[in-house]
Amino acid sequence: MKTRLTYRADFWVEVISDLLFQATNFIFILVIFMHTDSLGGWNQNEVVFVYGFFMVPYGVFSCFVNMWGFSERYIVKGEMDRILTRPAHNLFQIFLENVDPPALFGSIIGLIIMAISGANLGLPFEWWTIPALILLTLSAVAIYTGIYTTLTSLSFYSDAPTGILPLMYNIQSYGRYPVTIYNRAIQVLLTWVIPFAFVGIYPAALFLERDEMRGMALLTPVVGAVFLCLGLVSWNYGVKRYKGAGS
Amino acid sequence: MLGAYFDFIRIRFLTMLAYRVNYYSGILIYTLNIGVNYFTWKAIYGNGESLGGFTGAQMTTYVAVSWMARAFYFNNLDREISTDIRDGSIAIQFIRPYNYVLVKMMQGLGEGLFRFMMLMIPGMVIAILLFPVQLPTELSAWAGFLVMLFFSFLISSQINVITGLSAFFVENNEGMMRMKRVIVDLFSGLIIPISLFPDWLSGVLKVLPFQAITYLPGSVFTGRVQGVGIWNVLGVQVFWFLVLLIPIVWLYHAARQRLFVQGG
């Protein structure tokens, strides 16, 4: 963490490039609504609000869980052996070594976007808003962690660098659009197989008082717990099979 | 001498072949990307006839062909080059009797040919089966598209080379590489066709090189640009190919000079 903060310029470059990535998606939404009034029955402010919510858990996730380049760094270069000799849980150590504070700026921007679009929509601020926000954010972070841990643990089995991770980054953002516009197969995929709908549209629907998705929103913590367990189990199993990097 | 460069294409192609399993997942995920974009645009169109000069059917084709073109032209030359620079192995490559940048381009082409056969063609077949993609019937559209696709590769790789070589001058170009990736995807028209942007922005994008990567070939393939127009858009690509050579040559020379200074 401190080493990261040493390079001030890097820090800001990273903040800007993160925000730029978010900006592309944001621009997409704005351009869409220049050409239409509603997207599957959701208006611009609602879609923007969902996007704001989507940014919050994503920022937290990318700050504390960063598996990017795990295979190259830990398996190919043999750093995993060093990790395994220490007493603390290996996955926890890897998370700590890769903490990425600039990512939290995304969460802050997300909260601001939620506040602005929420005010435009006249959303009520209830006593449960803040606790629900925290709970749903943590659940969404658990889903991300579960999915990416599962995928990363694949690198214990195959020698080839897996190209799945970067491609997954493309897919996750689809969970923030009203999933009802997709056909059944993609809906099922985004809900139950790679549940990215639970990091965006479903939990945000709770705050937007969309009754048709309330059940799904309340299911978010359950899905989070299930996928987090799945990730941990496949990770531990992978570590057991791991034999070191040769030398 | 030229034979040596062709060997770089061949070797990279064979290396990629060794890791081909990755590409089965790639086909799946690219298809999913097309699917999600297709349904998003379908919802946007609703009953609307045409947006930014695209009919609904053209948009479907555009989305499919743009993603599949990306499967071909996308490569990680920027990362490879900056890794070479950071671990110092570029010094050895500079004294070898070949042109480093040209070798990288050749390796990129080997990867591109591999992606063309293992990812783009099977992916396109699946996309045609799943979504109402309309293939052009005119021979000129096909020929024009294939030539333009090659230039997409050249221009996208040139941008990658420039980003990679910048590692000589910037302490850490990780952020630059990420920014480049985002900018290319957005401004090349992959995510949104350029004609749908607000006027001022599409005006700006028309004088930038990025549209030559995705938007122009896609326009030819969907039949928005026909006949003589194909020569015009091809001309734009050739223009950018030549213009982008200038910073590459300059960076390459400056980098060699800098390398000698550092090496002492």
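The values are calculated or read from the model by the stated rules, or taken from the named source; none is laboratory data. Note that the coordinates shown come from a computational prediction; the quantities given were computed from them, not determined experimentally. Cβ atoms come from the backbone with ideal geometry, glycine included; neighbour counts cover every protein chain shown.
Side notes on the structure shown:
- Those helices (runs of 4 or more DSSP H) of the stretch A:144-226 in which at least 1 residues are over 28 Å from B:Tyr19 (Cα atoms), considering only elements entirely within it, cover A:184-188, A:201-207.
- If only residues of the stretch B:194-245 that are part of a loop (DSSP other than H, G, I, E, B) and modelled with pLDDT under 90 are counted, the one that is nearest to B:Val161 (Cα to Cα) is B:Phe197.
- In the condition set (1) surrounded by fewer than 18 Cβ atoms within 10 Å (Cβ to Cβ); (2) part of a helix (DSSP H, G or I); (3) over 18 Å from the mean Cα position of the chain (by Cα), B:Pro132 is compliant with all but (2).
- When each of B:Asp185, B:Asp87 is tested for being over 29 Å from B:Arg256 (Cα atoms), of a type in the set (D, E, K, R), within 14 Å of chain A (Cβ to nearest Cβ) and out of contact with any Cys (no Cβ under 8 Å at 6 or more places or on another chain), the lone residue that passes is B:Asp185.
- Of all residues making up the stretch A:41-74, the number that are surrounded by fewer than 19 Cβ atoms within 10 Å (Cβ to Cβ) and in contact (Cβ under 8 Å) with a residue 24 or more places away in the chain: 6
- A residue that is in a strand (DSSP E or B) and surrounded by fewer than 16 Cβ atoms within 10 Å (Cβ to Cβ) cannot be found anywhere in the stretch B:78-86.
- Selection of the stretch B:135-183 for residues being touching a helix residue (DSSP H, G or I) at 6+ places or on another chain (Cβ under 8 Å) and in a loop (DSSP other than H, G, I, E, B) yields B:Leu135, B:Pro136, B:Phe169, B:Val170, B:Glu171, B:Asn172, B:Asn173.
- Any hit, the stretch A:212-221, residues being over 16 Å from the mean Cα position of the chain (by Cα) and within 14 Å of chain B (Cβ to nearest Cβ): no
- Any hit, the stretch B:78-97, residues being of a type in the set (Ser, Thr, Tyr) and either touching a Pro at 6+ places or on another chain (Cβ under 8 Å) or without any contact (Cβ under 8 Å) to a residue 24 or more places away in the chain (or both): yes
- Within the stretch B:200-211, not a single residue is surrounded by 18 or more Cβ atoms within 10 Å (Cβ to Cβ), closer than 14 Å to B:Arg70 by Cβ and facing chain A (nearest Cβ under 7 Å).
- Each residue in the stretch B:143-176 was checked for being of a type in the set (Ser, Thr, Tyr) and at pLDDT below 90, and 1 pass.
- Residues in the stretch B:242-256 that are crowded, with 16+ Cβ neighbours inside 10 Å and closer than 13 Å to B:Leu154 by Cα: B:Leu244, B:Ile248.
Yes/no per residue for (1) touching a residue at least 60 places away in the same chain (Cβ under 8 Å); (2) more than 14 Å from chain A (Cβ to nearest Cβ); (3) of a type in the set (S, T, N, Q):
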residue: B:Leu17; (1), (2), (3): yes, no, no
residue: B:Gly46; (1), (2), (3): no, no, no
residue: B:Trp67; (1), (2), (3): yes, no, no
residue: B:Glu111; (1), (2), (3): yes, no, no
residue: B:Met117; (1), (2), (3): no, yes, no
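- Any hit, the stretch A:217-230, residues being within 19 Å of A:Tyr51 (Cβ to Cβ), hydrophobic (A, V, I, L, M, F, W, C) and surrounded by fewer than 24 Cβ atoms within 10 Å (Cβ to Cβ): yes
- Checking each residue of the stretch A:13-20 against the condition of being at pLDDT below 80, small (Gly, Ala, Ser) and touching a Lys or Arg at 6+ places or on another chain (Cβ under 7 Å) gives at least one match.
- Residues being outside any loop (DSSP other than H, G, I, E, B) and modelled with pLDDT under 85 - total across the stretch B:93-105: 3
- Index of the failed condition, B:Val225 passing every other in (1) aliphatic (A, V, I, L, M); (2) more than 16 Å from the chain's Cα centre (by Cα); (3) closer than 26 Å to B:Trp142 by Cβ; (4) within 14 Å of another protein chain (Cβ to nearest Cβ): (4)
- Residue match in the stretch B:214-225 (condition: more than 21 Å from A:Ala23 (Cα to Cα), among the polar types (S, T, N, Q) and either free of Cβ contacts under 8 Å to residues at least 24 places away in the same chain or crowded, with 18+ Cβ neighbours inside 10 Å (or both)): yes
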